[in-house]
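In what follows, a single structure is set out as structure tokens and then discussed.
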Amino acid sequence: MSDPRPLQISGFTFVRNAIKYDYPIVEAVESILPLCDEVVVAVGRSDDDTLGLVRSIGSPKVRIVETVWDDSLREGGRVLAIETDKALRAISPGADWAVYIQGDEVLHEDGIPALRAAMERWRDDRRVDGLLLDYRHFYGSYDYVAAALKWYRREVRVVRNDPAIYSYRDAQGFRRRPDEKLRVKRVDAFVHHYGWVKQPSAMQGKQASFNKYWHDDAWMKAHVPDVSEYAYEGKEPLRRFEGTHPAVMRRRVAAMNWRFTGDPAAVPLRTKDRLKLAVEGFTGWRPGEFKNYVLV
């Protein structure tokens, strides 16, 4: 028998130093607000007015949880998962589903009807732990997406409100205790990842800050140059983006104030990636793809 109650959906995210490192956290939250009855934002103590920025969203649906990051955690990005779990545990206990959005991700509104329909359809089927969304990873500017296969093409961004589900590793995805991959359904919805589209000085600042949550000082000294601006050009195979950005991103896209001379021909795909894409074209299977989930 299906649940007669109206579907209840919570959103959750975490953020710190959003102004300093140019995170589109306002757009991230606004992109899921139409889908959610509430959105919990775990705002870490920051070096800027991130708290005021989140408050400026001005929606009664937004609920802020103030947190303090453990900067001593410098392995595997674990602190990001801890902050994700703080937000997830703060959602309404009556929520059926929880929609996760990171501070540099924006849900395209075209996918909202399909997401809502999927949550309605699978609410009473306990075999389904979450929903899998497609990704576009933008690089350098809003006109190009990264083409290399190291960028994940799908990830779980809706999970059942279940205390056994937790943020996994560096908060890219989720698992069920003790260590089970979630069983998920794929939904025709896109998340745009803008973590690599920032003013170059903000991008360099982010590199110097966030890599500390994965690496020690020796690695940082060897791999993160002491420069004022990040140099995007010549590092990634690119593909020109021909689609539309989410409506909440249009003002930010129009305000881009740095020059990016991206060229899709400048960095070719590696031979290994071309072979994998050829196999995928014939079989639908991408060799070597990491999947932190089980499709059901």
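Values quoted throughout were computed directly from the atomic coordinates according to the rules given, and no laboratory measurement underlies them. For clarity, every value in this text was computed on a predicted model and none was experimentally measured. Don't worry about glycine lacking a Cβ; one is built from the backbone with ideal geometry, like all the others, and counts go over all protein chains shown.
Details
- Pairwise centroid distance, computed over Cα atoms, of region 202-271 with region 100-162, Å: 21 Å
- Each peptide in 99-107, 66-74 was scored by the mean count of other Cβ atoms within 10 Å over its residues; highest first, the order is 99-107, 66-74.
- With the highest mean first, a sort of the peptides 158-170, 45-57 on other beta-carbon atoms found within 10 angstrom per residue produces 158-170, 45-57.
- Overall form of region 1-147 per C-alpha gyration tensor (a/c, 1.5; a/b vs b/c): prolate
- The length gained by stretching the chain between W258 and A164 to full extension, at 0.36 nm per residue less their Cα-Cα distance, is 29.4 nm.
- Around the amide H of V62, modelled in the peptide plane, lie the amide H atoms of V39, all under 5 Å away and 5 or more residues distant in sequence or on another chain.
- Applying the Karplus relation 6.51 cos²θ - 1.76 cosθ + 1.60 with θ = phi - 60° to region 264-276 yields 3J(HN,Hα) values of x, 8, 5, 10, x, 4, 5, 4, 4, 5, 5, 5, 4 Hz, where x marks Gly and Pro.
- Shape annotation for the chain: C-alpha extents along the principal axes are 58, 51, 38 Å, from largest to smallest.
- Among I82, I25, the order by Cβ neighbours within 10 angstrom, fewest to most, reads I82, I25.
- Taking amide H as placed 1.01 Å from N in the peptide plane, A42 has its amide H under 5 Å from the amide H of T13, F14, V15, V65, each at least 5 places away in sequence or on another chain.
- Percentage of interatomic Cα-Cα distances in region 209-296 larger than 15 Å: 79 percent
- Relative exposure of W97, W219, judged by other C-beta atoms within 10 Å (fewest first): W219, W97
- Per residue, the convex hull volume that the Cα atoms of region 76-116 enclose (Å³): 96 Å³
- Ranked by how many other beta carbons lie within 10 Å on average, peptides 110-119, 12-21 from highest: 12-21, 110-119
- Here L238, L149 are placed in order of increasing Cβ neighbour count within 10 Å, fewest first, which gives L149, L238.
- Measuring between alpha carbons in the structure, the pairs from K150/K206; K198/K235; K61/K198; K20/K212; K150/K235 lying more than 18 angstrom apart are K150/K206; K61/K198.
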